[in-house]
Amino acid sequence: METSLFPTPRSLSARGPLATILKTVCTLLLLALSVTAKAQELTASVDRNELAINETFTLTLRYSGGQRGGQPDFDLLAQDFEVLSRQQSNQYRVTNGHAESFVEWTVILAPLKQGKLFVPSLHLHGQVSDAIPITVNKAGQSPSGGKRQAFLEVELDKDRVHVQEQLLVKVRLYTTVGLHDIATDPLQIPGAHVEKVDEQRFERRIDGVGHAVYELTYAVFPESSGELLIPALNYVAVTGRRDPFSLFNRNAQRMRLRSEAKTVQVEPKPDSYSGSHWLPAASLGLVQSWSKDPEEFKVGEPITRIITLRAEGLRAAQLPPLPRLAIDGLKTYPDQAQQEDQPGSNGISGSRIETTAIVATKPGSYQLPAITITWWDTKTGRQRATQLPAFRFNVSGGAITNTTAPDDMARTKNQTPVTVSVEPGFWQKIAIAAIASHIFWIIYFYRNKRKINKSPKSNGKKHVKSHEQQLIDCAKTGSAYEIQSALNTWLSKQKAENNRYQPSKARQSSQNEELNKLQREINDSLYQSPPKPLNRQLVQILVQRLTSSKSTRMNNQAPDSLPKLFT
């Protein structure tokens, strides 16, 4: 008996008004699913979410769908914003072999009122972009109070900070004239670590006059308590339009700008703080992930645990190492921690990623202890703690009697010693084979020429026999690596002989099948983890077939003919 999620047309027609309602619901559901599946084809983003009433910001709208032509209804923006400019570009990119094409609109907007605003959702070809919140504050004022052509402004996000807490310093260059060749020294503060984290350009109106603004944001981390001095900054720029045909640019004027120095009070670590490491941050989180499902944990099989510690307002170098695991029945192999700093308009977010391989030596139920990180919340001014809960899992399988590492245990099970533990890459094999082939042909040509001059018949047969006998002897008592080496030498000789004798397609197919079986047996012993012991009897049979077919073919040929080195 079959059931359907939606009623059939016949059943709908029989139900009267109810059918009409169900048809409408089905249509709306299908439309909602279609829009959701392709919601990513129209995306919207802004360069900043907070600004003043007299500033501008940039809206970027991107459409990556298959339909062409048309544009969104930008008139929807007129309710809360003034559209100052709009540009459209068609772009085509190839990233890591993946090609993508899209249409992008860049819109410069100026808010019409203060408060919490939204860039509305825009529509194009059935796709809908997400609405974006915008915070508009009161108008900014010039620190100089005068109507100068250019001036500098320094703004701090805090008046007081704790030691090692992030302080954001914004340096803005305002100008009403064209400036070029701007030069300045980087911000350097004795007793503090300084990093530039953001750079923006926008427009701000002051007393009805439009100013172009160039803003730099620095993250400052005081290293000791006391008074921290933000020194005055000097900018040097050239005003006027640059004339490429003028040698001296007589109309240009050099302008020197200087900002005001600022001071900040740096407080020491609070006495009430009880954490083992001082971590003043805006937020701090712990995330755990596994290389595979821990519920399938088996004895002897390694599984990788990855823990990421991320803090907003702290550098990665400030984050502490996580406690090591010491649990009976579990072997741990920690990797070197990875540290990463991500700069942005809100400062630096530091991450510390610790990776540990875990191998269980006996079955049972295990519990990894909880990890707790104590830190200081700079937003609320109080101590907080972030905890990664304890994790319990079960391990199945039989206990391991020795305590050697997984790779060592695999090697001890193999009776045949393996001298090659790492398989080279594909192109490395090609390069090695090419070099070995050239060396072999040089040696072969030199020796064969000398032997032909002395006794071409007897010496040639003895040389062929030595290669075959070496391969047969290695198949009986040699290791997988020695068999591989002898086989490669014998195959090189076969290549030259095949150019002369030209065996039948049936014989070539039979030899290829036997050669493939032999190569698989050797590769499983050399490169499989754990290594597979050689099937000595099978190897001897395959080698015997290969060499016997070669000898039979040579006996059927004219005895006085000599092999050709090149064709």
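Between amide H atoms placed 1.01 Å from N, distances below 5 Å from His211 occur with Arg204, Arg205, Ile206, all of them 5 or more places distant or on a separate chain.
In sequence order, the range 310-326 has phi-based couplings of 10, 9, 8, x, 10, 7, 4, 5, 7, 7, x, x, 7, x, 7, 7, 9 Hz under the Karplus curve 6.51 cos²θ - 1.76 cosθ + 1.60, θ = phi - 60°, and Gly or Pro positions carry x.
Placing pseudo-labels 7 Å out from each Cα toward the beta carbon at Thr304 and Glu155 gives an inter-label distance of 4.4 nm. Taking 7 Å steps out from each Cα toward its Cβ at Gln339 and Arg256 produces label points 4.0 nm apart.
Shown in residue order for the range 518-524 are the 3J(HN,Hα) couplings computed by the Karplus curve 6.51 cos²θ - 1.76 cosθ + 1.60 at θ = phi - 60°: 5, 5, 5, 5, 5, 5, 4 Hz (x for Gly and Pro). Largest to smallest in accessible area, the residues Glu521, Glu82 fall in the order Glu82, Glu521 (1.4 Å probe, all protein chains included). Exposure check, 1.4 Å probe, all protein chains in place: Lys269 carries approximately 100 Å² of accessible surface. Figure note: His438, His162 ranked by solvent-accessible area, largest first, 1.4 Å probe, ligands and nucleic acids not counted: His438, His162.
Computed from backbone phi, the HN-Hα couplings of the range 186-202 come to x, 5, 10, 10, x, x, 8, 8, 10, 9, 7, 10, 7, 8, 9, 10, 7 Hz, rounded to whole numbers (Karplus: 6.51 cos²θ - 1.76 cosθ + 1.60, θ = phi - 60°; Gly and Pro given as x). Close amide H pairs (under 5 Å, H built 1.01 Å from N) link Gly329 with no residue at least 5 positions away or on another chain. Given a Förster distance of 51 Å, report the FRET efficiency between Ser64 and Asn535 from their Cβ-Cβ distance, rounded to the nearest 0.05. E(calc), rounded to 0.05, equals 0.40.
Remark: spin-label model distance Glu295-Asn394 equals 1.1 nm, labels positioned 7 Å along the Cα→Cβ axis.
For the residue pairs Lys116/Lys262; Lys362/Lys532; Lys116/Lys196; Lys476/Lys517; Lys170/Lys262, the alpha carbons lie more than 20 Å apart in Lys116/Lys262; Lys362/Lys532; Lys116/Lys196.
The values are calculated or read from the model by the stated rules, or taken from the named source; none is laboratory data. As the structure is a computational prediction, the values presented were derived from the model and not from experiment. No Cβ is skipped: glycine too gets one built from the backbone with ideal geometry, and neighbour counts run over all protein chains shown. Each accessible area value is taken on the protein alone, full model and side chains, heavy atoms only, with ligands, DNA and RNA left out. Shrake-Rupley method; radii C 1.70, N 1.55, O 1.52, S 1.80 Å.
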